[in-house]
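Asks: Below are the structure tokens for one structure; questions will follow.
The values are calculated or read from the model by the stated rules, or taken from the named source; none is laboratory data. Since we're looking at a predicted model, the values are computed, not measured. Quick reminder, even Gly has a Cβ in these numbers, built from the backbone with ideal geometry, and neighbours come from all protein chains shown. In case anyone asks, the SASA skips ligands and DNA or RNA and just uses the protein heavy atoms, side chains included. Shrake-Rupley method; radii C 1.70, N 1.55, O 1.52, S 1.80 Å.
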Amino acid sequence: MDITTLVGLAAGSVVLATLILMGGDFRMFYDVHAVIIIFGGSFAATMIRFPLSAILHGMPLGAKFAFTMSRLSARDLVDELARIAEIARKQGPVGLEKVETDEPFLAKGIRYVADGYDLEFIRDNMERDRDNFLMHLNEGSKIYRAIGDCAPAFGMIGTLLGMVQMFSNMSDPSKLGPFMAVALLATLYGAIVANLICLPIADKLHGKLIDEETNRTLIIDGILMIRDSKSPALVREMLLAYLPEKHRQEEGELVAA
């Protein structure tokens, strides 16, 4: 689990709850009209922007990856691929049938090598798999960003509606308070949905998309070199280029040892 996403959402919720309780109770900050304008309006606008299939696929995938981490880091993948290359050199492709890994994409590549698929098939299939995955993850990021962009705008629309209703009922003081509450709470809900939930998740997904692209490209290159019977030392040295400079030096020291 990506603990930073969970901690961030929990911390933001605690801050809001504390401020609400210091000045009253939660009932003061709930209004069904504001909920309808923010969530209904934002969802409607998002449906106009994206196909329904993209929403149904992108939102759950985005939520999943916002709260999860890759099973293996780039540095772990370099070590793992070097280990697999050593097994392939000693035992041949057949020896890879018993290799186990926590990374599904890497396991798929190992299976291709073990089954004896040719180099071009492995490259084309794995690159297509990587590109499709990154496309769906990018869709998830765009959808959450779109909701984050819509929510404050619909908060302003809710505010304007509440103000119009309030000024239209100036003769009845009993209605001024509820309409003013709708106006203010719509803005509040829009700001919370955008700045605490949707926009941070969109940024988190963009960062993870970059990491996943690096990791999956690293895996593809490593699998192709293993299929091409490259030595474990060469596999490691070639894949070190994917790591930051500091980690490359640490890896080099470990190899030398």
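Asks: Set the Förster distance to 22 Å, then compute FRET efficiency between S53 and E127 from the Cβ-Cβ distance, nearest 0.05. Write down the numbers at each step before the final one.
Replies: Numbers: r = 23 Å, r/R0 = 1.04.
Computed FRET efficiency for S53 and E127 comes out at 0.45.
Asks: How big is the accessible area of Y189 in square angstrom, nearest 10, if you roll a 1.4 angstrom probe over the protein chains?
Replies: Solvent-accessible area, nearest 10 Å²: 30 Å².
Asks: Another question about this same structure. Given Cβ point charges of +1 (Lys, Arg) and -1 (Asp, Glu) and nothing else, what value in debye, to the nearest 20, does the dipole of the chain about its Cα centre take?
Replies: Numbers: 25 positive and 32 negative charges, 101 e Å.
With only Lys, Arg, Asp and Glu charged at Cβ, the dipole is about 480 debye.
Asks: Compute the semi-axes of the equivalent ellipsoid of the chain, taking the square root of 5 times each eigenvalue of the Cα gyration tensor, and list them largest first in whole Å.
Replies: Details: eigenvalues 557, 73, 30 Å².
Each semi-axis is √(5λ); the values are 53, 19, 12 Å.
Asks: Projecting each Cα onto the charge dipole of the chain (Lys/Arg +1, Asp/Glu -1 at the beta carbon, about the Cα centre), which of L77, P51, T159 comes out farthest on the positive side?
Replies: T159
Asks: Right, something else. Just by accessible area at a 1.4 angstrom probe, what is the order of L196, L21, L6 from largest to smallest? Kindly include the intermediate steps, with their values, before the conclusion.
Replies: On the way: L196 45, L21 100, L6 75 Å².
Largest accessible area first, the residues go L21, L6, L196.
Asks: Under the rule of -39500 (n - 2.57) per DSSP H run of 4 or more residues, summed and divided by the residues of the chain, what mean residue ellipticity at 222 nm is obtained, to the nearest 500 deg cm²/dmol? Before the final figure, lay out the partial values.
Replies: Numbers: 11 runs with 197 residues, N = 257.
Result for the chain: -26000 deg cm²/dmol, rounded to the nearest 500.
Asks: Using +1 at the Cβ of each Lys and Arg and -1 at the Cβ of each Asp and Glu in the chain, identify which of G140, H206, V15 lies farthest towards the dipole's positive end.
Replies: Comparing the listed Cα positions along the dipole, V15 ranks first.
Asks: State which entries of K64/K108; K108/K204; K142/K175 exceed 28 angstrom in Cα-Cα distance in the structure shown. Display every interim value, and only then the final one.
Replies: Working: K64/K108 21 Å; K108/K204 26 Å; K142/K175 40 Å.
Flagged as over cut-off: K142/K175.
Asks: Can I ask one more? Rounded to the nearest 10 Å², what accessible area does D149 show when all protein chains are kept and the probe is 1.4 Å?
Replies: Number for this one is 80 Å².
Asks: Return the distance in nm (one decimal) between the two label points of a simple spin-label model at A107 and S13, each offset 7 Å from Cα along Cα→Cβ.
Replies: Roughly 3.1 nm, to one decimal.
Asks: Which three numbers, in whole Å and largest first, are the semi-axes of the equivalent ellipsoid of segment 149-203 derived from its Cα gyration tensor as √(5λ)?
Replies: On the way: eigenvalues 161, 16, 3 Å².
Calculated on Cα positions only, the semi-axes equal 28, 9, 4 Å.
Asks: Say R0 is 45 Å: what FRET efficiency, to the nearest 0.05, do M135 and V94 get from their beta-carbon distance? Walk me through the intermediate numbers first.
Replies: On the way: r = 35 Å, r/R0 = 0.77.
The value I calculate is 0.80.
Asks: Okay, next question. Counting only protein chains, not ligands or nucleic acids, how are M163, M47 ordered by accessible area (probe 1.4 Å), most first?
Replies: Numbers: M163 60, M47 90 Å².
From most accessible down to least: M47, M163.
Asks: May I ask you to rank S141, S171 by accessible area, largest first, using a 1.4 Å probe over the protein chains only?
Replies: Details: S141 10, S171 115 Å².
The ordering from most to least exposed comes out as S171, S141.
Asks: Under the rule a/c < 1.5 gives rounded, and otherwise a/b versus b/c splits prolate from oblate, where does segment 1-132 land using the Cα gyration tensor? Write out the running numbers ahead of the final one.
Replies: Working: a/c = 5.68, a/b = 2.21, b/c = 2.57.
Judged from the Cα gyration tensor, segment 1-132 comes out oblate (a/c at least 1.5, b/c at or above a/b).
Asks: Another one. Dipole magnitude of segment 84-126 about its Cα centre, charges +1 at Lys/Arg Cβ and -1 at Asp/Glu Cβ only, in debye to the nearest 20? Numbers along the way, then the final one.
Replies: Details: 6 positive and 9 negative charges, 31 e Å.
Using only the charged Cβ atoms, the result is roughly 140 debye.
Asks: Further, regarding this structure: Given springs between every Cα pair under 10 Å in a Gaussian network model of the chain, which of A54, A114, A11 has the largest fluctuation?
Replies: Among A54, A114, A11, the largest mean-square fluctuation in the Gaussian network model of the chain belongs to A11.
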